[in-house]
Amino acid sequence: MARATSHQREAVAVPDELTKLASDPNQRIAYHHSHPDSFSLSLGDLNLLDLRPGLASVTAHGQDGSRYHALRGDMKKFKSAVSAADSEMMRQVDLARRRGLTITGIDAHLVNLALAAEGVIQYLYKLSPALSASFEKERSAYEQIVDELRYAIKRAR
């Protein structure tokens, strides 16, 4: 087990020894890190699964008790799926804003739900009570966004 912190708010500095291990496809490394904003795994977090073949999973722990966990899925589809989901999410953010719906803070979670539904990653999560209540309040709108993201991912294949 390796532990380290860089005390940086916007980045995680992974020790060289751990990066080397995670680059070895014979390893099964799990990265855990904190997300002070309690948002889900970013595309940067998920890209580690593609970059490091020995990395089995990435987990983010939110300060509010939320937890987000991604495991490798179909990595052959990863780059095109992530690119398609990212582009579509930009469009969805704009559409949501026009409808008066704010998805800041939940957008990464929606992308990860879509990626998981398409088999690109395995995604497990525990939302804090506040995030869960917020999600339930707008569930139908969020499900529609996830459907649009899934459609974009399917078109990219």
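Observations on the structure shown:
- The residues of region 31-61 include none that are closer than 18 Å to Ser83 by Cβ and of a type in the set (Val, Ile, Thr).
- Within region 14-41, residues that are in contact (Cβ under 8 Å) with a residue 60 or more places away in the chain have Cβ atoms under 9 Å from residues that are among the aliphatic types (A, V, I, L, M) and exposed (fewer than 14 other Cβ atoms within 10 Å of the Cβ) in these pairs: Ser38/Ala130, counting only partners at least 6 apart in sequence or on another chain.
- Taking (1) in contact with a Leu (Cβ under 6 Å, 6 or more places away or on another chain); (2) at pLDDT below 95 in turn, Ser134 satisfies each apart from (1).
- Hits in region 10-29 (condition: modelled with pLDDT under 85 and within 20 Å of the chain's Cα centre (by Cα)): Glu10, Ala11, Val12, Ala13, Val14
- Scanning region 88-104 for residues that are of a type in the set (A, V, I, L, M, F, W, C) and buried (at least 18 other Cβ atoms within 10 Å of the Cβ) yields Met89, Ala96, Ile103.
- Taking the criterion of being crowded, with 18+ Cβ neighbours inside 10 Å and within 13 Å of Ala56 (Cβ to Cβ), the residues of region 22-45 that qualify are Ala22, Ile29, Tyr31.
- Condition broken by Asp147, with the remaining ones in (1) of a type in the set (Asp, Glu); (2) surrounded by fewer than 13 Cβ atoms within 10 Å (Cβ to Cβ); (3) touching a Lys or Arg at 6+ places or on another chain (Cβ under 7 Å) satisfied: (3)
- Count of residues meeting criterion [modelled with pLDDT under 90, closer than 18 Å to Ser42 by Cβ and touching an Asp or Glu at 6+ places or on another chain (Cβ under 8 Å)] in region 76-105: 1
- Sub-7 Å Cβ pairs linking a first residue in region 59-70 that is under 12 Å from Tyr31 (Cα atoms) to a second residue that is surrounded by 20 or more Cβ atoms within 10 Å (Cβ to Cβ) and among the β-branched types (Val, Ile, Thr), at least 6 apart or interchain, are Ala70/Val58; Ala70/Ile121, ordered by first then second residue.
- Some residue of region 135-152 being of a type in the set (Lys, Arg) and closer than 15 Å to Glu88 by Cβ: yes
- Scanning region 75-87 turns up no residue that is within 24 Å of Asp50 (Cβ to Cβ), surrounded by 13 or more Cβ atoms within 10 Å (Cβ to Cβ) and free of Cβ contacts under 8 Å to residues at least 24 places away in the same chain.
So that you can scan it fast, the table gives a plain yes or no per residue for (1) closer than 27 Å to Ala30 by Cα; (2) hydrophobic (A, V, I, L, M, F, W, C); (3) in contact with a strand residue (DSSP E or B) (Cβ under 9 Å, 6 or more places away or on another chain); (4) at pLDDT below 95:
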residue: Ala108; (1), (2), (3), (4): yes, yes, yes, no
residue: Glu118; (1), (2), (3), (4): yes, no, no, no
residue: Ile121; (1), (2), (3), (4): yes, yes, yes, no
residue: Leu124; (1), (2), (3), (4): yes, yes, yes, no
residue: Gln144; (1), (2), (3), (4): no, no, no, no
residue: Asp147; (1), (2), (3), (4): no, no, no, no
residue: Ala152; (1), (2), (3), (4): no, yes, no, no
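- The set of residues in region 105-157 that are over 17 Å from Ser87 (Cβ atoms) and β-branched (Val, Ile, Thr) comprises Ile106, Ile121.
The values are calculated or read from the model by the stated rules, or taken from the named source; none is laboratory data. Treat the numbers as computed from the prediction; the structure is a model and nothing was measured. FYI the Cβ positions are ideal-geometry reconstructions off the backbone, even for glycines, and counts take in every protein chain you see.
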